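The structure under discussion appears below in the form of structure tokens.
The values are calculated or read from the model by the stated rules, or taken from the named source; none is laboratory data. Bear in mind that the values here come from a model prediction, so they are computed numbers and not experimental data. Backbone-built Cβ (ideal geometry, glycine too); neighbour counts: all protein chains shown. Just the protein is used for accessible areas: all its heavy atoms, side chains included, with ligands, DNA and RNA removed. Shrake-Rupley method; radii C 1.70, N 1.55, O 1.52, S 1.80 Å.
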Amino acid sequence: MAHTPRVAPQQLRHGIVGGAGVVALVWGFQAHASARLDAVFATGAHLTGLLAGYGVLVMLFLMARVPAVEHGVGADRLARWHALGGRYVLGLVGAHALLALCGYAAHTRTDLVTATRGMLGYPSLAAATAGTVLFAAVGVSSARAARRRLRHETWRSLHLLSHLAAALGFVHQLAGPDLAGSVLAVWVWSMAHATVAVLLVWYRIVVPVRQALRHTLRVTEVRDEGPGVVSVTVRGRDLERLCAEPGQFFRWRFLSRRLWRTALPFSLSAPVRDDTLRITVKALGDHTRRIRRLRPGTRVLATGPFGALTAHRRTRRKVLLLAGGVGITPMRALFETLPGGPGDVTLLYRASDADGLVLREELERIARARQAALHYLLGPSDASFDPLAPQALRDLVPDVAAHDVYLCGPPAMARAATDALVRAGVPARRIHTEDFSHD
């Protein structure tokens with residue numbers, strides 16, 4: 001398998017912070033000290049405007065699906081940073097607009113209403129206002145309460161407005177005083193926007209289309225694995241060129257009447273072999289319930305692979321895989337493929353009862369072949385005995401603190417397990433987890 005370059009989370013974090021520092025330096029070189037009220041407001045507006053523009057670029061870059069970033073940082077961490085950064089960007093945009101308005105009002109000695117009318121007479125400011133409104137709409141639709149009420153397709157459509165808002169903000173910045181004083185600043189700013197735009201087009205449009213034409217994926221089998229759970233096997237051509245690793249996921253678009261509009265993220269539940277990919281899906285919503293009705297021959301568009309929950313994160317000889325519910329899917333692939341001798345790999349599988357165990361026969365076959373430990377942690381979550389308590393984990397895996405831990409399960413279970421593992425002595429840096437939501 002070809003080596004895939006990876007950007008570590010701390011490298012990306014340092015790069016983002018360093019970029020913000022450079023933006024602040026650009027502002028500092030252009031700032032003019034003045035005690036006049038309008039100048040103070042204008043200086044603050046320039047700084048918040050530059051940082052907001054830089055923040056928008058960072059948000060778009062985080063969601064560009066650049067493989068080196070996706071495979072090194074992880075899709076879940078990127079999504080969290082994107083959501084957190086979006087809040088900062090909205091705050092900076094609001095502060096920039098308010099400071100600019102106050103500065104204009106102080107300069108013209110008018111009230112805020114009159115100043116607003118005057119500012120909207122400038123074309124670049126009208127574009128900025130439209131961009132601000134679009135950003136606000138995206139922010140409101142992304143709030144947890146609003147998103148629960150929106151269909152996924154509706155939310156995705158609204159989120160695409162951020163690209164138009166970014167373009168309008170770029171037009172405003174080039175025409176405004178933040179950059180216009182320096183040809184070099186205008187050139188660098190333009191190149192940064194062009195680079196991010198190329199990355200977005202390449203990795204979100206060109207690469208998926210190229211993969212679809214190259215691999216021609218089709219469903220070959222849909223098999224029941226348990227109550228509400230099915231495995232879907234997909235066959236294509238030259239799938240080794242995807243360089244998909246156990247633990248990673250794709251975004252799947254099944255070209256059937258009820259599913260073609262939505263790309264659903266599912267992990268591979270088996271290693272890639274014989275030009276086949278397999279996912280195992282539990283019915284959790286409208287889209288996942290429709291997957292069990294897929295017919296062999298259905299065309300499939302799969303974008304990826306994504307995710308950093310791979311063997312690359314391993315730092316210790318001994319590994320503990322901890323799965324909850326259908327979170328067993330990436331763990332099953334890792335259970336089969338992670339290198340190690342007898343006793344080096346342990347799998348703990350949490351489920352409410354035996355009927356909730358998915359791929360059980362495969363797991364037991366792998367455990368026998370590898371001489372690996374396999375334990376089922378059964379029982380309701382409100383039981384008096386917690387199988388994920390620190391002492392319970394130490395009883396099952398006495399040297400748990402010496403392990404790397406790979407964790408995948410429902411969010412509440414993953415949080416509880418992470419807390420228990422830390423209390424059992426596992427350093428947080430050696431707990432590898434990745435979460436992504438799907439309908």
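By its C-alpha gyration tensor, with a ≥ b ≥ c as the square roots of the eigenvalues, how is segment 234-303 shaped: rounded for a/c under 1.5, else prolate for a/b larger than b/c, else oblate? Here segment 234-303 falls in the prolate category. With all protein chains in place and ligands, DNA and RNA left out, the 1.4 Å accessible area ranks D399, D224 as D224, D399, largest first. The angle between the Cα long axis of helix 411-423 and the main principal axis of the chain comes to about 80°, on a 0 to 90 degree scale. Legend: P(r) of the chain from all alpha carbon pair distances, 20 Å bins from 0, whole percents, reading 23, 47, 25, 5, 0.
Residues of segment 337-375 falling in the label zone of F385, defined by backbone nitrogen less than 19 Å from a point 7 Å along Cα to beta-carbon, are 348-357, 374-375. With respect to the chain, whose longest principal axis is taken over its alpha-carbon atoms, helix 161-175 is tilted by about 30°.
Distance from the Cα centroid of segment 64-93 to that of segment 325-366 is 31 Å (rounded to whole angstrom). Each of R117, R156 has its accessible area taken with a 1.4 Å probe; listed largest first, they run R117, R156.
Suppose R0 equals 51 Å; then what is the FRET efficiency for L161 and Q371 from their Cβ-Cβ distance, rounded to the nearest 0.05?
0.40
Fully extending the segment from E364 to A137, taken as 0.36 nm per residue of separation minus the present Cα-Cα distance, adds 76.7 nm.
Tell me, in nm to one decimal, what length is gained between L112 and L378 on full extension, where the rule is 0.36 nm per residue of separation less the Cα-Cα distance?
89.4 nm
Can you give me the angle between helix 9-30 and the longest principal axis of the chain, using Cα atoms only, in degrees from 0 to 90, rounded to the nearest 10? The answer is roughly 0 degrees.
Its relative contact order, with pairs defined as Cα atoms under 8 Å and 6+ residues apart, puts the chain at 13 percent.
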